[in-house]
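Everything below concerns the one structure shown next.
Values quoted throughout were computed directly from the atomic coordinates according to the rules given, and no laboratory measurement underlies them. In this text the structure is predicted, and so the values were computed from the model without any measurement. All Cβ positions, glycine included, derive from the backbone under ideal geometry; neighbour counts span all protein chains shown.
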Amino acid sequence: MSASWQRKLADGRIVLVDGGTGSELVRRGFRLSELAWSGLASASNQHLLTEIHADFIRAGAEVITTNTFGTARFVLESAGRGSEFRAINERAVRAAFAAREATGADVAVAGSISCVPPGLDLDAYPDPDTEARDYRELAELLAELGVDLLVLEMMQDDEHAVRACEAAARVGLPLWLGLSCRLGADGRSLVGFDYPEIPLETTLAALLVFEPAVVTVMHTPPEAVEPALAAVGSLWSGPVGAYPVLDTDAPDGGRTPPVLSPAGLAEHAARWLDAGARVLGGCCGASPHHIRALREVALGYGDGSPGDQPR
Ligand SMILES: [Zn+2]
C-alpha cells in the first residue's frame with residue numbers, strides 16, 4: 001500500500017507513472033488479442049508482465065498500472081474467456097504486486113478500468129445494464145485484491161465512460177480520470193481519440209462529477225497534450241498529468257516505432273510541466289527508457305526525489 005503519490009501531489013511535486021504495458025508485451029514477443037488487447041497476457045504470461053512492471057519501477061515509475069485495461073467480463077467473453085474473469089484479473093494484480101515486492105520500491109498499484117468495446121467495435125457492447133454491472137464487478141474485484149487506486153483509461157465519451165466512472169466511484173478508492181483525445185479535423189478542436197464526433201469538453205463535463213483525485217491526458221498524441229491540458233484546466237483546478245500515446249498497431253501484428261525518442265518525450269514533458277502537469281508517464285509505445293528520461297526531467301525540474309531509487 002502506498003499513498004506517497006497523494007502527499008507528493010499535495011506538495012505540488014512530480015509523480016511518475018509507467019509506460020505502455022501492452023506495447024512492451026508486444027516488444028517482448030506477446031501477440032495482442034484483437035478483442036481483448038493485452039488482457040489475456042495475465043493468464044499466459046504473468047512472469048513477463050511482472051518483469052515489465054519491475055522494469056518500469058526501476059526506471060522511476062511511482063505508480064504502476066495493472067494489465068486490466070481489457071478484462072471486464074464482456075470483453076473477456078468476446079474472446080471466449082469470460083469464465084476466467086476472476087483468475088485473469090487476480091493474476092494481473094498479482095503480477096503488479098510481485099514487481100513491487102521484487103524491487104522493494106514505494107510504488108502505488110493502480111487498477112486500470114477502460115470502457116473500450118471488444119475490438120473497438122461499437123456493436124460489441126452488451127446492453128447498458130450488463131455493461132454497468134461488468135464495470136462494477138471489475139472495480140469491486142480490483143478493490144478486493146488490494147489496489148491502491150483506480151485509473152479510468154481511454155475515457156472519451158459521455159455514455160460508456162460515465163458507466164465506467166460510476167462503477168469505479170462506488171468502491172471508494174481514489175480515482176484517476178484518464179482522458180484520451182486528439183486534434184480534430186480543423187487542427188484546433190479536441191475530440192475523442194476514437195470518437196471524432198465527441199468534443200473533449202463534453203466528456204470532461206460529464207465525468208468530473210465523479211470527483212477524481214487526478215485528471216490526466218492519456219493515450220493522446222503528443223501534439224494534442226498541451227491544448228488538452230489547457231482545456232482540462234479551464235474546468236478543473238485539481239492535479240493534472242499527461243501520458244501520451246507514442247505508437248500504434250503495425251500490420252504485421254507488431255507495433256510501429258515510437259513517434260518520440262526518450263529525449264524527444266523529455267523535451268515535450270518539460271513543456272507539460274510548465275503547463276502545470278504534475279503526473280508524467282507514457283502510454284502505448286513508451287518503454288522503460290522513456291520513463292527513465294522523464295525521471296531526469298523531474299530531477300532537473302527541482303523535484304529532489306521522484307520516488308526512492310529502487311533496487
Ligand atoms: Zn495507450
Seminar exercise, completed: Nearest-0.05 FRET efficiency for Arg86 and Ala3 at R0 = 30 Å, using Cβ-Cβ distance, is 0.65
For this session: Be a star and scan region 119-160 for residues whose amide nitrogen sits under 14 Å from the point 7 Å along the Cα-to-Cβ vector of Glu166.
Result: 127-137, 158-160
Exercise. Amide H to amide H, which residues 5 or more places from Gly184 or on other chains are under 5 Å from it, using H placed in the peptide plane?
Worked result: Ser189, Leu190, Val191
Seminar exercise, completed: Percent antiparallel among DSSP beta bridges confined to the chain, rounded to 5, stands at 20
For this session: Sticking with the crude label model, points 7 Å out along Cα→Cβ, report the distance from Asp249 to Thr130 in nm, one decimal please.
Result: 2.2
Seminar exercise, completed: Counting only residues 5 or more apart in sequence or on a different chain, those whose built amide H sits under 5 Å from that of Ala108 are Val63, Ile64
Seminar exercise, completed: Dipole check, region 4-300, charges on Cβ (K,R +1; D,E -1), about Cα centroid: among Ala266, Trp37, Ser83 the Cα furthest to the positive pole belongs to Ala266
Exercise. Cα gyration tensor of the chain, axes a ≥ b ≥ c as square roots of the eigenvalues: rounded (a/c below 1.5), prolate (a/b > b/c) or oblate?
Worked result: rounded
For this session: Any chance you could check the Cα centroid distance between region 27-60 and region 103-176 for me, in angstrom?
Result: 19
Exercise. With a 10 Å Cβ neighbour count serving as the proxy for reagent exposure, in which order, fewest first, do Arg188, Arg94, Arg255 appear?
Worked result: Arg188, Arg94, Arg255
Seminar exercise, completed: Checked region 170-311 against the a/c 1.5 cut and the a/b vs b/c comparison, axes a ≥ b ≥ c from its Cα gyration tensor; verdict oblate
Exercise. How much length is gained on full extension from Glu296 to Val259, taking 0.36 nm per residue of separation minus their Cα-Cα distance?
Worked result: 11.3 nm
For this session: Taking H placed 1.01 Å from N in the peptide plane, check which residues at least 5 places from Phe30 or on another chain put their amide H under 5 Å from its amide H.
Result: none
